[in-house]
Amino acid sequence: MTADERFDRLERITAGIAEERHKDREEYKALWRDSQRQTNDLRNQVGALAVETRLRFEQVADRFDQLGNRMDKLATESHTENKALGEGIDQLVSAIGQLIAKG
């Protein structure tokens, strides 16, 4: 094999290696872009989930406030009704006592 043939062969091999490296770089760039896109998609999904979660927590807090107000109202009504019932029982006991005293 002559020196020129060796140089030609070496040039072909070098060109092949350079072409493989170029293809590898393009593939790496495509993978990087795809990874970046997936990362951005995931970031957007997590952000949307955070907003939705915050809204749900606010709704739950509002519902708890409503239930607390309702419980306070029912407690007040119950106290008022218990007081009225107690007064009615006192009057009934007093009336029975007066009836027994007359009898």
With 0.36 nm assigned to each residue of separation and the Cα-Cα distance removed, Lys23 to Thr53 gains 6.3 nm
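Helix-only mean residue ellipticity at 222 nm, the chain, DSSP H runs n ≥ 4 weighted -39,500 (n - 2.57), per residue, nearest 500. What is it?
On the way: 1 runs with 100 residues, N = 103.
One gets -37500 deg cm²/dmol as the mean residue ellipticity at 222 nm.
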Lys and Arg at +1, Asp and Glu at -1: neighbours of Leu55 with Cβ under 13 Å from its Cβ sum to 0
Connecting every pair of Cα atoms under 10 Å apart in the chain and solving the GNM, the largest mean-square fluctuation among Glu11, Glu26, Glu77 falls on Glu11
Cα-based Rg then Dmax for the range 24-73, in Å, read 21.6, 73
Sorting Gln38, Thr14, Val93 by the position of each Cα along the dipole of the chain (Lys, Arg +1; Asp, Glu -1; all at Cβ), the one nearest the positive end of that ordering is Val93
In cubic angstrom per residue, the convex hull of the chain built on its Cα atoms measures 95 Å³
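Where nothing but the Cβ of Lys and Arg (+1) and of Asp and Glu (-1) is charged, how large is the charge dipole of the range 29-76 around its Cα centre, in debye to the nearest 20? Write down the numbers at each step before the final one.
Values: 9 positive and 7 negative charges, 49 e Å.
So the magnitude is around 240 debye.
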Simple spin-label estimate for Arg63/Thr2, 7 Å along Cα→Cβ, in nm, reads 9.0 nm
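Laboratory data are not the source of any read-out in this text; all were calculated from the coordinates shown. On a predicted model such as this, the values are computed, not experimentally measured, just so you know. Note: ideal-geometry Cβ built from the backbone for every residue, glycine included; neighbour counts use all protein chains shown.
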